[in-house]
């Protein structure tokens with residue numbers, strides 16, 4: 001029975017609409033030394049969904065712009081390149097997180113907010129560690145898309161919700177990722193990584209998504225370590241974690257690997273909470 005569920009899960013990956021070429025093209029333009037914002041605007045505007053999401057996100061108080069923004073070009077003039085990259089990826093993600101994930105106890109707003117906050121926290125960590133711009137690009141994509149496997153698995157978590165509840169109740173020491181394995185024989189990190197590989201994302205991104213709940217795996221990559229830590233901190237804050245909120249501790253070996261002192265953790269939590277409240281104000 002579990003084998004049949006597993007086969008259906010990976011078959012369902014092919015039914016998820018591929019990551020839009022518009023976003024890939026925009027991110028490529030943003031890698032150039034001299035960014036042509038008119039060309040960038042032309043590309044992004046070709047996708048109305050991304051454009052609408054971009055303008056709504058950029059007008060959130062979280063970005064603190066001095067005036068209401070009503071065009072992409074104007075937004076590009078006010079934003080830094082890092083912020084543009086972040087918002088483009090977040091705009092795409094919003095189109096994927098467009099329905100409640102009942103099996104995970106998450107609304108569309110919660111899953112998307114969790115992804116944004118992970119990206120915000122991961123960015124702060126990456127800047128503190130002095131990551132290169134190229135690595136920060138990777139961090140944005142991996143952290144915002146780290147839970148994308150949940151949109152594939154949600155159907156099965158709904159179907160097996162009683163089994164999930166039974167196993168979770170009988171194994172209070174197990175977190176939700178372990179319960180996923182016990183019920184389905186797979187977890188959303190593995191499914192998400194498989195999905196991103198099908199979309200031809202770089203290995204560093206798919207690996208970070210695969211590893212974001214597995215400390216032993218994430219320690220093999222600084223990118224995966226940051227994505228994993230950002231996810232832990234967002235869950236500790238109770239932001240969009242659903243059934244798994246608050247059920248996390250910060251592994252000391254992870255902090256050691258990233259050379260992060262404990263006092264920095266409060267800074268990241270404070271930034272994540274503050275920005276989440278500002279974003280919620282705009283999207284409430």
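Scan 109, 123 and give me the residue that is buried (at least 21 other Cβ atoms within 10 Å of the Cβ) and either under 25 Å from residue 257 (Cβ atoms) or in contact (Cβ under 8 Å) with a residue 40 or more places away in the chain (or both).
When all the criteria are applied, what remains is 123.
Please work out which one of (1) under 20 Å from residue 139 (Cα atoms); (2) part of a helix (DSSP H, G or I); (3) out of contact with any helix residue (DSSP H, G or I) (no Cβ under 8 Å at 6 or more places or on another chain) is the condition residue 7 fails and give its number.
Residue 7 satisfies every listed condition except (1).
May I ask you to verify whether residue 63 is on the phi < 0 side of the Ramachandran plot, buried (at least 17 other Cβ atoms within 10 Å of the Cβ) and at pLDDT 90 or above?
no
Could we say that residue 134 is under 20 Å from the mean Cα position of the chain (by Cα), at pLDDT 90 or above, surrounded by fewer than 14 Cβ atoms within 10 Å (Cβ to Cβ) and more than 30 Å from residue 159 (Cα to Cα) here?
no
Hey, any hits in the stretch 162-173 for a residue that's surrounded by fewer than 16 Cβ atoms within 10 Å (Cβ to Cβ) and touching a residue at least 12 places away in the same chain (Cβ under 8 Å)?
For the stretch 162-173, residues surrounded by fewer than 16 Cβ atoms within 10 Å (Cβ to Cβ) and touching a residue at least 12 places away in the same chain (Cβ under 8 Å): present.
Among the candidates 216, 187, 263, single out the residue that is more than 19 Å from residue 140 (Cα to Cα) and within 19 Å of the chain's Cα centre (by Cα).
Answer to the selection: 187.
Quick check: is even one residue across the stretch 256-271 at pLDDT 95 or above and buried (at least 21 other Cβ atoms within 10 Å of the Cβ)?
Among the residues of the stretch 256-271, at least one is at pLDDT 95 or above and buried (at least 21 other Cβ atoms within 10 Å of the Cβ), which makes the answer yes.
When you scan the stretch 228-249, how many residues do you find that are over 12 Å from residue 177 (Cα atoms), in a helix (DSSP H, G or I) and modelled with pLDDT under 85?
Here the count works out to 1.
Is the stretch 83-96 home to any residue that is without any contact (Cβ under 8 Å) to a residue 40 or more places away in the chain and under 22 Å from residue 17 (Cβ atoms)?
yes
The values are calculated or read from the model by the stated rules, or taken from the named source; none is laboratory data. Bear in mind that the values here come from a model prediction, so they are computed numbers and not experimental data. Counting neighbours? That spans all protein chains shown, and the Cβs are built from the backbone with ideal geometry, glycine included.
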